[in-house]
1. Can you tell me which residue within segment B:282-328, out of those that are within 14 Å of another protein chain (Cβ to nearest Cβ) and part of a loop (DSSP other than H, G, I, E, B), is nearest to residue B:199 (Cα to Cα)?
2. For segment B:172-259, which helices (runs of 4 or more DSSP H) that fit wholly inside it have 1 or more residues that are within 14 Å of chain A (Cβ to nearest Cβ), within 30 Å of residue A:42 (Cβ to Cβ) and within 25 Å of the chain's Cα centre (by Cα)?
3. If a residue counts only when it is at pLDDT 90 or above and either within 13 Å of chain B (Cβ to nearest Cβ) or surrounded by fewer than 24 Cβ atoms within 10 Å (Cβ to Cβ) (or both), which helices (runs of 4 or more DSSP H) contained entirely in segment A:24-131 have at least 3 such residues?
4. Filter segment B:330-342 down to the residues that are at pLDDT 85 or above and part of a loop (DSSP other than H, G, I, E, B), then identify the one that is nearest to the other protein chains (Cβ to nearest Cβ).
5. Could you look through segment B:115-141, keep only residues that are in contact (Cβ under 8 Å) with a residue 40 or more places away in the chain and outside any helix (DSSP H, G or I), and pick out the one that is farthest from the chain's Cα centre (by Cα)?
6. Can you tell which of A:146, A:207 is surrounded by fewer than 21 Cβ atoms within 10 Å (Cβ to Cβ) and under 17 Å from residue A:26 (Cα atoms)?
7. Please name all residue pairs, on different chains or six or more residues apart, with Cβ atoms under 8 Å, provided the first residue is in segment B:356-368 and is at negative phi and the second residue is modelled with pLDDT of 70 or more and assigned to a loop (DSSP other than H, G, I, E, B).
C-alpha cells in the first residue's frame, strides 16, 4: 500500500464519519441541556428512509435532507414533550421510539427498496483542493462532509465560548441555578432537544443520499449506528471535539477492518463487522473505570509513582455526564 | 308585620340548608377522597391501568382505521377471531406468548433489581445457538436427556451473555443499556457467522444457494406438542417457571436481596449486602431466561436455526416485546402470564386483521407501537402515583408500608 492509497483511505474515513458526527453532535447538544434522546437509532433509520423517499419522488436533494431534519426534529419533539412537559422517563420513551421508528422505517420504506435515487455530487473546493495532502484529505468531498467539519467547530464554540452556551451548560448541570439567572430552563431544553434531533435527523439522509446511497431496508447496514453514536457521545464526554475524535476513531477502525480483510483471509468477515461493538464496550469501560470502587481501593494500595500515573490516566479518560441529565426540572 | 319573621325564618332556613349542604359536600368529598386514596381502590386502579392503556391505544388505532376507510369494529373483530376464534388460533397465540413470557420473567428479575436489560434478543440467540449445538451433537443419547441438556445449555448460554454486561456494570460502571444493546449486535454476527460456516446444514453446504441454516433436529429431540396444534411443552415450562420466579423474588433471601439492591443500593450496602454481586446475578438470571426462550423456540417451533441476517429474523423481536409484556404485567411474574398472552394475541391477531380487512402492515406495526407507548407511559405514571402515596403517608406521620414484608407482592413500590 503506497502513501496515496492511505491518503485517499483516510479521506474516505472523514466522509464515512460525517453522519456519525452529525448524530453525535446532536446528541451532545441535547444531553448538554439535560435530555437523553435515546431514540437515535430509530431516528437515523427513519430519516434515512424518509430523506431518500422524498428525494426519489421529487428528484430534489435539498428536500431530502430537509425531510430528514424534520423527521429528527419531530421525534425529538416527542421525546422533549414526554420528558419535559409530562416528566416521564426519558429512557423508556426514547427506547420505545427507537424501536417504533426502526420498524416504521422498514415498513414505510418497502416501496423504495433498492430504487436508484439521486446522490449528493462531489464538490471539490478548487484552489484549496490543490494543496498537497491537506487538499486531498479535507477539500475533495461533498457538501455534507464540509458541513460536518463546520458543525463540530460551531458546536464546540457555541458550548464553550459563548454566553448562551454557558447557559446551556447551566441548564444541564444545575437547572435551578440557571433558572435563578433568568433562563427559561424548560423552553431552552425544548429548543436544544429539537435542534439536536434535527442534527440527528441529518445523519440519515447523509447516509441514504451520500455515504451509503440508496435504501435497502433491513440490509442497509444502518441498524446499530445510532447505538454506536450514543456510546461515542459518552466517550466524548459531552465535548464536541472529543466526541468528534471518537467518531473519526470509529470510522478509522471500520476502514481498517475493510482494508485488512483481504490480507487476513482466515478471519471471517463477521469479526470485522462486529469489531466496533466490543471496542465501544471497551471504551465505555475505560471512560468509567476510574469511578469503580475496587479500582480506587486497588489504586490506594499501589506505590506512589504508579498510583499517580494510573490516577492521572483514569482522570484523563474519565467523562462525567451533565449533573441534571435525565432529571426533569421543577421550579418550586 | 307577619312577613318579617317568616322572612327571617326563611333566610335562616336557607343559610342552614346551605350549611348542611356544604357540610354534606365536605363529608362526601372526604369520603370520596378516602375511597379514592384507600389502598384497595388504588390497587384496583393500578391493576387495571394497563387494560385502560391498551383500550386507549386501540381507540387511537380505531381512529387511524377510520382514516383508512376501514370499519374499526370489523377490523378488531378480525383481530379477536384471529387470536382467540378457534382452538388452533388460541394455540398459536400461546406459542407466540411463550418466548414473551420467558423473556418477561427475566425482565421481572432484572428490572426489580434496577438493572435495565435490553439484551434479550442477543441472549435468546446465544441460548438458541448453544441448545442447537447440543441437539445436533449428542444424536445418540435418548430424547428426554438431550432435550433437558439443551434447555439447560440454553439457560446457561443466556446467563453468560447476560452476565457479561452484569460484570461490566457492577465492577466497571459500564451503562448496562448500552452494553446489552451492543451484546445484541455481537450475538447477531456470531449467529450469522456460525450459520454460514461451522454450523451450516451439511445439505446446504453442498448446494449453491447456501441458505444460512443449521441441520434439522432429530424428531425425538422435539418438544412434545399438543396435536393437532403447534402448542408445545415450552408454554408449560414457562408457566411453571413463572411460579418459581415468584417464589424466588418474594420467598427467598436471594430474591429479597435483588429487590433490596434495586430499591436502594446504598441502604443495601450498609445492610451488608454485596451490591455488585446482586447486580451481576440479576442480569445473569435475566439473560438465562431469555436464553431458555431461544432454546424453546428452536426445540418447540422451528426445529432448526435459520437467519436472515438480522436479530428479529430469528427472535421475532421477542427479546424486546418481552420487556413490554413484563412491564404490562407490572414486573410481577404471575401477572406477566396474562400480559404475554395478550401480547401474543395482539401479534397473531394483527396478522389476521391485516389479511381480512386489508390494512397496510405499517398500521399493524403502528398499533403495536401505540400499545407499547401507552403501556409504558401508564406504568411510569403508576410508579409516580405510588411514590406520591408513599411520600403522603410519610408526611402524615405514618410509616410507609414496609415494602418487603407485604404478602401481596404486586402492590410493592415498583422498580
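1. Step by step, filter segment B:282-328, then rank; the result is B:307.
2. Working: elements: B:176-196, B:202-206, B:233-251.
Correct list: B:176-196.
3. Result: A:40-58, A:61-80.
4. Looking at residues that are at pLDDT 85 or above and part of a loop (DSSP other than H, G, I, E, B), I get B:331.
5. That would be B:139.
6. A:146
7. Sorted first by the residue in segment B:356-368, then by its partner, the pairs are B:357/B:70; B:357/B:71; B:359/B:68; B:359/B:70; B:360/B:68; B:363/B:68.
The rows are residues; the columns are (1) at pLDDT 70 or above; (2) under 21 Å from residue B:111 (Cβ atoms); (3) crowded, with 16+ Cβ neighbours inside 10 Å; (4) touching a strand residue (DSSP E or B) at 6+ places or on another chain (Cβ under 8 Å).
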site	(1), (2), (3), (4)
B:344	yes, yes, yes, no
B:352	yes, no, yes, no
B:366	yes, no, yes, no
B:369	yes, yes, yes, no
B:372	yes, yes, yes, no
B:377	yes, yes, yes, no
B:382	yes, yes, yes, no
B:391	yes, no, no, no
B:415	no, yes, yes, no
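The values are calculated or read from the model by the stated rules, or taken from the named source; none is laboratory data. Note that this is a predicted model, so its numbers are computed, not measured. Here Cβ is always computed from backbone atoms with ideal geometry, including for glycine, and neighbour counts include all displayed protein chains.
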